[in-house]
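Scroll down for the structure; my scribbles are underneath it.
The values are calculated or read from the model by the stated rules, or taken from the named source; none is laboratory data. Quantities reported herein were computed from a predicted structural model and do not represent experimental measurements. Cβ placement follows ideal geometry from the backbone for every residue including glycine, while neighbour counts extend to all protein chains displayed.
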Amino acid sequence: MRGRRRGTPALESTAPDSDVPEEEVPPSRRHLVRELVIFAVAAVVGFLIVPLLIWSMGHATLGPYNHGGPGGLLADFMSGLAHGSTIYWAVALGPYALTLLMRFLYSQARGRR
């Protein structure tokens, strides 16, 4: 039920119940949820998968990593992110930026028919 009050009298909420059918969810909320899922997947790829791919390519071509294995690289990567290094953030957010670019190019190509 929409607008039904829940919780204790001191902590009342007018939030809608979560059992609202999918058809009744506004398109803007569906769009927001879709965008958050895309960002979450791209963030996992950027924060974990890409650094491990970089490590594996570097290990294959340059030899062992000086600070240990893949765990050492991830620790150094997270340290670089914590220090605000631009290149580390570019690697971490690169998958989402590429996703946005591909979606933009697709929308432009689709609109030119």
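Brief remarks follow.
- Unmet criterion (only one of (1) under 16 Å from ILE49 (Cβ atoms); (2) in a loop (DSSP other than H, G, I, E, B)) for MET78: (2)
- LEU74 meets the conditions (1) over 24 Å from LEU101 (Cβ atoms); (2) modelled with pLDDT of 90 or more; (3) loosely packed, with under 13 Cβ neighbours inside 10 Å in every case but one. The failed one is (3).
- SER56 vs. criteria assigned to a loop (DSSP other than H, G, I, E, B), at pLDDT below 95, hydroxyl-bearing (Ser, Thr, Tyr) and more than 17 Å from the chain's Cα centre (by Cα): no
- Within the range 40-58, tally of residues that are more than 19 Å from GLY69 (Cα to Cα) and surrounded by fewer than 16 Cβ atoms within 10 Å (Cβ to Cβ): 4
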